[in-house]
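Any read-out appearing in this document is the output of simple, stated calculations on the displayed coordinates, not a laboratory observation. As the structure is a computational prediction, the values presented were derived from the model and not from experiment. Using ideal geometry, Cβ is built from the backbone for each residue, glycine included, and neighbour counts are taken over all protein chains shown.
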Amino acid sequence: MIFEPTEGGFRLMIDDFSRAVVVRLMGELRVEVKSAKSATHAELAPHMKRLFPTAYHNDEQRDDEYRRLTHGDLADTHVSALDDALLLLTPGRVFTRDDLERFVRAVNAMRLVLGTVLDVSEADIDDVGEPDGDDPTALQRDVYNYLGWLLHNSLDQLRN
């Protein structure tokens, strides 16, 4: 169980190394999302495009209008979720149900970006498998799997 019940909520019980890795990645993603706020869709780094999805696949004009109206707000929403998650990752911090929902959004955003970097398809989205020692993406795959585990446990906690 990674969540310890406490008065007023629950506490995330992960080791310091894992916490530091997640904090660092969220901080890096936050910087990228802030930068992406002012970018056009064409200027977005490929790994960021899943955070700013296409709404109208068959109508470029409508999609451009959709992006014009929503891109900045979507970036702000991602930054806000990442800011909240970074605060929640403070050791000993007590999560409320609302806190955990925001934490889930941030972890999911990180996993989407990393999954894009790793070229994870819908078929293998739940587990990219155990990387072998010769795989140059082994560390990224380990982190992706860890984020999946963290996300799964967070969602289970929300269901309870």
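Charge tally for R11 (other residues, Cβ to Cβ under 9 Å; Lys, Arg +1; Asp, Glu -1): 0. Taken about its Cα centre, the chain carries a charge dipole of roughly 600 debye when the Cβ of each Lys and Arg holds +1 and the Cβ of each Asp and Glu holds -1. Of the GluC sites (Glu not before Pro) found in segment 15-114, those in coil by DSSP whose Cβ has at most 13 other Cβ atoms within 10 Å are E43.
Ellipticity at 222 nm from helices only: DSSP H runs of n ≥ 4 in the chain, each -39500 (n - 2.57), divided by the residue count, give -20500 deg cm²/dmol.
Computed from Cα atoms, the angle from the helix 16-36 axis to the main principal axis of the chain rounds to 20 degrees. Extending each Cα 7 Å along its Cβ direction at T40 and R11, get the distance between those two points in nm, one decimal. Each label point lies 7 Å from its Cα, and together they span 5.1 nm. Each label point was placed 7 Å from the Cα along the Cα-to-Cβ direction; for R97 and T137 their separation is 3.8 nm. Counting charges near A75 (Lys, Arg +1; Asp, Glu -1) among other residues having Cβ under 12 Å from its Cβ returns a value of +1. Each Lys or Arg adds one and each Asp or Glu subtracts one; over the other residues with Cβ under 9 Å from the Cβ of V113, this totals +1.
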